[in-house]
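A short reminder: the numbers here are calculations on the coordinates, not readings from a lab. Quick caveat: nothing in here was measured; it's all calculated off a predicted structure. All Cβ positions, glycine included, derive from the backbone under ideal geometry; neighbour counts span all protein chains shown.
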Amino acid sequence: MPQMVRVHNFNVSSDGYAAGEGQSLERPFGHADPAALFSWTGATASWPTRTDPGGTRGLDDYLVRDFHRNIGAEIMGRNKFDPHRGPWRDLDWQGWWGDEPPFHTPVFVMTHHERPSFTLSDTTFHFVNGDAQDVLELALAAADGKDVRLGGGADTIRQFLDADLVDTLHVAVAPVELGAGSRLWSSPEELLDRYHRDVVPSDSGVVHHLFWRK
């Protein structure tokens, strides 16, 4: 099968924002409450850091398990990796995730300010100054025949959508409004000229929007 570019388990508010204003080291999602956007994932039986038995099953759990299926590389924007703008202030900063990042693949961080690659556990971070097509070519080569996951944030995903480089898109819409921040869309209807869509409400309160190319 041909390699695909997938957006998976990307969370936005009901008004289309993936993060709020005022991102900082202490508040990676700005004024947004992460629990309001992501609690459905942590409640599932398959959430990777779950330490107690139980958890929800059904579609939410399936989507959490599907997150890593056939993924060989990830692409993310600078501000998913780091809260600072401009030149790197501290090369000792190695992301939000500690010594065991959840990606388990090469990760390509899109940035105008390159820095040396480094490896934590089984994840190697590369910092690339290029447009969406250029970075995607690097990620596809590194994925070794598997798919590439486009991890966000919203601005990065829009770059790839606008360049018509996304094959499938899963967005979980949470029942909360943010009013400002980093916006994926004004309405999911914007994508229907190019994608089929299924809309599936979940008992967790989120609504899953599943898109695939026409």
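Quick rundown of the values:
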| item | result |
| --- | --- |
| Point-charge dipole on Cβ atoms (K/R +1, D/E -1) for region 5-213, about Cα centre, debye to 20 | 120 debye |
| Environment charge of VAL176, counting only residues whose C-beta is closer than 13 Å and scoring Lys/Arg +1, Asp/Glu -1 | -3 |
| Sum of side-chain charges, VAL148 neighbourhood, beta-carbon under 12 Å (Lys, Arg +1; Asp, Glu -1) | -2 |
| Leading residue at positive end of dipole, the chain (Cβ point charges), from ALA18, ALA132, ALA45 | ALA45 |
| Exposure proxy ranking, count of Cβ atoms within 10 Å, fewest first, for ASP60, ASP90 | ASP90, ASP60 |
| Among ARG89, ARG65, ARG115, residue whose mean-square fluctuation peaks in a GNM of the chain (springs only between Cα atoms under 10 Å) | ARG89 |
| Among beta bridges that DSSP assigns inside region 5-213, antiparallel share in %, nearest 5 | 45 percent |
| Under 5 Å, built H, 5+ apart or other chain: amide partners of TYR195 | LYS214 |
| Relative packing of 24-31, 68-75, 6-13, which averages over residues the other C-beta atoms within 10 Å, highest first | 6-13, 68-75, 24-31 |
| Ascending count of other beta-carbon atoms within 10 Å, so fewest first, for ASP66, ASP193, ASP122 | ASP193, ASP122, ASP66 |
| Per-residue [θ]222 nm for the chain (sum of -39500 (n - 2.57) over DSSP H runs n ≥ 4, rounded to 500) | -5000 deg cm²/dmol |
